[in-house]
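A quick write-up on the structure given underneath.
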Amino acid sequence: MSKRTVVPFGPQHPVLPEPVHLDLVLEDETVVNAIPRIGYVHRGLEKLVEKRDYTQFVYVTERICGICSFGHSLGYSECVEKLMGIEITDRAAYLRVIFHELSRMHSHLLWLGLLADGFGFEALFMHAWRLRETVLDIFEEVTGGRVIFSACDVGGFRQEVSNETLAGIVAKLERLRDEYRTIAKTLLEDSSVKSRMVGVGHISTDKALELSMVGPFARASNVATDERLNGIGAYGDLAAFEPVLSDGGDCYARCDVRVREVLQSIDIISELVDKIPDGEVMVPVKGSPEDGAQAMTTLEQPRGQAFYYSKGNGTKNLARMRVRTPTSQNIAGMVAALSNVELADVPMVILTIDPCISCTER
Amino acid sequence: MIRFQPNAFEAVELDALFETVADLRQREYRFVQICATTLEDSCELLYTFIAPDAIDGCLTGLVVNVPDGASVPSITELYPAAFVFENETHDLFGIDIYGINLDFQGEFYKVSPKFPMNPRAAEQRPADEGKEADHE
């Protein structure tokens, strides 16, 4: 039997923008076990509901994560609206989905750049982030903010976005689509990329189900899980929606799924801009959640299913607010994907899972 | 347009928790999360699952009341991914959960105040000495 060695990985490591620690148990160069450790920057944001009322707390949820900021404010708002029985307008529901899909594009393009940077493909890294700027510019033009833009609120969408502006967004995305296809092809057809990723960090469909994996991580193992399938809000008005799947289960499949999801988001935005109804974007919100009322919602964030729970106590402050982020759910899957890979492949496995520790340390 | 995701809450006795979750596992429900809430004289755990055939995304919530000092069985034997939430529930709320497949013995989160989401547990178990001693 080979001698076992424990190699600490993180909390500071070039492929980790945020702190997470892994004890990698090695036999020679092969990882036989990985023990995760988080909690280095836990912020206790859920406890802040005791200090901030339910309308103020939407600003806190936006700050759970800088990448999926809009999604967290959307998930929280939907949860509180369900708690209080607030029905938003159709136009607001469409705008929310349009901006949520833009956020997904921004997140996936950021991930693509980090992945390329991780294996030294600097030109691809710069092109991915250049295209991401298009999305950030749209955010800035419409809302004034580039990452945290406070557009979503309990009761709807904070500002009207004209149909002309929306048409302009679609035109920009159509131009982006062509450029994006070129760099995506470069990534997915490059022989050195394939040699680093095909067959590495494999998770079977059964294993993905057993480990309750979510998001692109699960879909790359051919698990058809995607909260957008529920058809809540404007997603229900799409002519058709099929999750992007791959049966590869390895690092390459995870890249393939995310790459195709960017194009899917452009399609969703284009369709919804064509269909968006006229009308108000906010409804008045009055009163407080009833004592003992509770609500649960889920949302497909860029990294997968996020869960939101709120409970009222008859005051403006919620008794409890819970956010379960996709990375929390995927930690078990990440540990499994790291088993039996070479030590040199560990960064690649982690990058293709795209963990967001900031979300997890809410 | 569908506005709200359907929810189904069900109260479950602590003694029947593992059996109830095992039944859901048998029916291929997917695990979503565990959430603890501090009440006046106890804690409440919410276990959330989603049915494999839930086309509308209906979420099933099992609500379990946990008296102070009671121990809760781990469900990681059924859903391995639950270890994250069970360790979190212990570290933030001071609820003892036994049988976790990867038990960090109170060191999953590096929090400076003990059990910050449950002041009552922090008063009753200031050092959580047993667990720390075992870990050492």
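Dividing the convex hull volume of the alpha-carbon atoms in segment A:155-264 by its residue count gives 137 Å³ per residue. The relative contact order of chain A, computed from alpha carbon pairs under 8 Å that lie at least 6 residues apart in sequence, is 26 percent. Near residue A:320, the amide H atoms lying under 5 Å from its own belong to A:311; only residues 5 or more places off or on other chains count, and H is placed 1.01 Å from N. Quick check for you: which residues of segment A:130-151 have the amide N under 11 Å from the point 7 Å beyond the Cα of residue A:175 toward its beta carbon? In segment A:130-151, the label zone of residue A:175 (backbone N under 11 Å from the point 7 Å along Cα→Cβ) covers A:134. Of all accessible surface on the protein assembly as shown at a 1.4 Å probe, what whole percent is carbon and sulfur? With neighbouring chains kept in place, the figure for the protein assembly as shown is 49 percent. Chain B packed on chain A takes about 4000 Å² of accessible surface away from a 1.4 Å probe, both sides summed. In chain B, the longest principal axis of the Cα atoms and the axis of helix B:17-26 are about 40 degrees apart. Using equal-weight Cα scatterers in the Debye expression, the normalised intensity of the protein assembly as shown in log10 at q = 0.06, 0.10, 0.12 Å⁻¹ is -0.26, -0.75, -1.11. Around the amide H of residue B:33, modelled in the peptide plane, lie the amide H atoms of B:48, all under 5 Å away and 5 or more residues distant in sequence or on another chain. Both radii come from the Cα set of chain B: Rg as radius of gyration, Rh as Kirkwood radius; their ratio Rg/Rh reads 1.00. Looking only at A:258, A:63, A:196, which one moves most when chain A is put into a Gaussian network model with springs between Cα atoms under 10 Å? Comparing A:258, A:63, A:196 in a Gaussian network model of chain A, the most mobile one is A:196. A simple spin-label model places pseudo-atoms 7 Å from Cα toward Cβ; at residue A:275 and residue B:23 they are separated by 3.9 nm. Sparse packing (at most 14 other Cβ atoms within 10 Å of the Cβ) combined with a DSSP loop state is found for the following GluC sites (Glu not before Pro) in segment A:193-287: A:280.
Shown is the FRET efficiency for residue B:53 and residue B:77, computed with R0 = 30 Å from the Cβ-Cβ distance and rounded to the nearest 0.05: 0.80. Under the simplified labelling scheme, the residue B:41-residue A:48 pair shows an inter-label distance of 3.4 nm, with each label point 7 Å from Cα along Cα→Cβ.
Computed 3J(HN,Hα) for segment A:302-313, one whole-Hz value per residue from the Karplus formula 6.51 cos²θ - 1.76 cosθ + 1.60 where θ = phi - 60°, is x, 9, x, 5, 10, 10, 10, 9, 9, 9, x, 9, glycine and proline marked x. Residues of segment A:301-348 that bury at least 20 Å² of accessible area once all protein chains are present, compared with their chain alone (1.4 Å probe, heavy atoms only, ligands and nucleic acids left out), are A:305, A:307, A:309, A:311, A:320, A:322, A:324, A:328, A:329, A:331, A:332.
FRET efficiency for the residue A:191 to residue A:114 pair, using the beta carbon distance and R₀ = 25 Å, is estimated at 0.70.
Candidates A:215, A:60, A:234 compared by Cα position along the dipole of chain A: farthest toward the positive end lies A:60, with charges placed on Cβ. Distance between the modelled labels on residue A:126 and residue A:164, one decimal in nanometres: 3.7 nm (7 Å Cα→Cβ projection). Accessible area per residue for chain A is 35 Å², calculated with a 1.4 Å probe on protein heavy atoms, without ligands, DNA or RNA. This model, with +1 at the C-beta of Lys and Arg and -1 at the C-beta of Asp and Glu, gives the protein assembly as shown a dipole about its Cα centre of some 940 debye. Roughly what % antiparallel, to the nearest 5, for the DSSP beta bridges in chain B? The antiparallel fraction comes to roughly 65 percent. So what is the relative contact order of segment B:7-131, in percent, for Cα pairs below 8 Å that sit 6 or more residues apart? Relative contact order of segment B:7-131: 22 percent.
The values are calculated or read from the model by the stated rules, or taken from the named source; none is laboratory data. It should be emphasised that the depicted structure is a prediction, and the values quoted were computed from it without experimental measurement. So basically every Cβ, Gly included, is an ideal-geometry build from the backbone, and we count neighbours across all protein chains shown. The area values use the complete protein model at the heavy-atom level, side chains included, leaving out ligands, DNA and RNA. Shrake-Rupley method; radii C 1.70, N 1.55, O 1.52, S 1.80 Å.
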